[in-house]
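See structure below.
The values are calculated or read from the model by the stated rules, or taken from the named source; none is laboratory data. Keep in mind that this is a model prediction, so the values were computed, not measured. Glycine also receives a Cβ, built like all others from the backbone with ideal geometry; neighbour counts cover every protein chain displayed. In case anyone asks, the SASA skips ligands and DNA or RNA and just uses the protein heavy atoms, side chains included. Shrake-Rupley method; radii C 1.70, N 1.55, O 1.52, S 1.80 Å.
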Amino acid sequence: MNQINLLDLDIINKLPKNKIKDLKLYPVYAESNSIFCVGNLNTDDTNYLKFLYNKEIILKKCGSNELEKIKDSILLNETVYKIEEQIIEKAISLKSSDIHFEPFQDSIKVRFRINGDLITFFKIRNDKYKEMLSRIKIKGNMDMTEKRLPQDGKFKYDFTDITYSIRVSTLPLVYGEKIVLRILYKNYNYTIEGLNLEEKQNENLYKIINSKRGIVLVNGPTGSGKSSTLYTILESIKDTNTNITTIEDPVEVLIENINQISLDRKAGLNFSNGLRSILRQDPDILMVGEIRDEETAKIAVRAAITGHKVYTTIHTKSSKEVYYRLEEMGVEKYLIKDAIIGLISQRLIKVLCNNCKVKQRIAFQNRDMEVYASKGCESCNFTGNSGRKLISAVHYIDYFMTEEKLNELSNKQMVDMVLTLLKKGEISIEIYEDFIKGEYII
Ligand SMILES: [Zn+2]
């Protein structure tokens with residue numbers, strides 16, 4: 001007889017969810033005064049199960065394949081382990097940044113964003129999704145009955161001894177509400193070394209950091225890791241003698257010993273009025289999540305000129321473009337020139353999976369060259385890539401900005417870094433060409 005058929009849900013449901021993951025001995029079914037278990041007999045589990053069920057523990061033999069099946073069935077039993085929990089844990093273990101639940105006519109597609117790409121992982125049934133949607137709304141402190149308007153919420157999720165913050169957003173689509181869960185990884189190690197800068201860039205960064213006043217703008221497209229760079233800088237400069245205050249949309253990573261404020265649209269707290277209030281609190285160093293409107297731009301630049309140090313991000317393709325963007329936002333040219341002391345441009349670029357990349361000979365700039373191409377294997381989810389690397393251009397500006405100097409603020413530093421990565425076999429020729437061809441040389 002197949003032992004899985006013997007799984008007794010009443011017995012399994014008594015197991016606390018957190019405990020299941022640690023067990024090496026699994027209860028399968030009960031008979032009179034005994035609990036029959038499979039797995040590895042050990043004192044801790046035996047004592048625990050004895051206590052939980054108040055019965056004797058008897059080990060039943062089973063093959064390793066069968067044991068795996070039983071483990072899976074116990075873990076997949078939704079009465080103890082809900083579908084969203086399986087999905088969230090799978091997403092975290094793959095270091096996904098977002099989980100998308102997309103309703104279609106016949107089912108719900110579940111995709112993870114990993115290294116910037118959306119990859120389909122599961123399909124779930126509409127009825128299961130409806131139940132899950134309600135549970136997520138309750139968890140996220142959202143209105144369960146509201147199905148026609150977009151909503152935001154958040155909840156905490158414990159997994160492998162780490163508490164993750166998860167942001168929820170819902171959006172009504174034709175076939176139902178789409179949910180996106182954004183997973184916030186607090187256990188990131190923000191260090192300057194982790195920024196992957198070259199020696200000269202590192203020197204520039206320290207000059208920027210050591211300047212007492214001025215504005216520093218990290219620029220790049222969406223998803224290029226701009227906020228992580230700001231967090232890294234704040235992490236490296238925080239000490240007890242300085243007052244560092246941030247205003248973010250929303251706070252994504254908590255850093256000890258600094259004051260962090262999240263925007264609150266419902267309460268009317270936005271970047272510009274938040275920034276005004278912070279300036280009244282005598283800060284030494286300010287971080288503004290993003291400059292995206294005229295008022296914020298003007299206040300931030302003025303703060304930098306009046307002796308504050310301001311760190312922020314702006315959505316432009318190059319450092320040079322930052323000057324024009326601020327001008328477009330109505331900030332006076334001479335103020336911009338006076339305020340800016342540092343510009344950091346950056347991109348995140350996909351690196352090849354070391355497990356499966358294959359050698360390839362190509363003609364490169366009229367020369368024969370050996371590079372690596374992507375292939376795909378289980379460990380990289382058949383994408384051929386594993387993770388991304390930050391590439392940057394770091395400009396320290398301690399001179400008067402002229403038109404000529406402005407033209408020097410190109411992305412050449414980044415182009416050089418990408419070429420080095422190609423030569424070292426860390427990226428493919430396709431990624432290199434995409435980068436060069438694209439919008440990036442400005
Ligand atoms: Zn691979």
Please go through (1) within 16 Å of the ligand (Cβ to nearest atom); (2) modelled with pLDDT of 95 or more for LYS350 and return the number of the only condition it doesn't satisfy.
(2)
Filter region 381-396 down to residues that are among the small types (Gly, Ala, Ser) and closer than 26 Å to LYS359 by Cβ and give me whichever is least open to solvent (accessible area, probe 1.4 Å).
GLY384
Are there any pairs, at least 6 apart or on different chains, whose C-beta atoms fall under 8 Å, with the first in region 343-363 and within 26 Å of SER227 (Cβ to Cβ) and charged (D, E, K, R) and the second within 16 Å of the ligand (Cβ to nearest atom) and at pLDDT 95 or above, and if so, which?
LYS350/ILE427
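Listed here are the residues, each with its yes/no results for (1) open to solvent by less than 70 Å² (accessible area, probe 1.4 Å); (2) assigned to a helix (DSSP H, G or I); (3) modelled with pLDDT under 90.
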| position | (1), (2), (3) |
| --- | --- |
| LYS123 | no, no, yes |
| ILE136 | yes, yes, no |
| MET142 | yes, no, no |
| THR163 | yes, no, yes |
| THR170 | yes, no, no |
Considering only residues that are open to solvent by 60 Å² or more (accessible area, probe 1.4 Å) and in contact (Cβ under 8 Å) with a residue 12 or more places away in the chain, look in region 397-410 and name the one that is farthest from the ligand (Cβ to nearest atom).
PHE400
If I ask for residues that are touching a Ser or Thr at 6+ places or on another chain (Cβ under 8 Å), among the aliphatic types (A, V, I, L, M) and more than 16 Å from the ligand (Cβ to nearest atom), which ones from region 368-393 would you list?
VAL371, LEU390, ALA393
What residue, of ASP106, ASP72, ASP98, ASP117, is at pLDDT 90 or above and among the acidic types (Asp, Glu)?
ASP98
Only one of these conditions is not met by LYS212: (1) in a loop (DSSP other than H, G, I, E, B); (2) buried (at least 19 other Cβ atoms within 10 Å of the Cβ); (3) among the charged types (D, E, K, R). Which number is it?
(2)
Tally up the residues in region 262-279 that are among the aliphatic types (A, V, I, L, M), open to solvent by 40 Å² or more (accessible area, probe 1.4 Å) and within 28 Å of ILE397 (Cα to Cα), please.
1
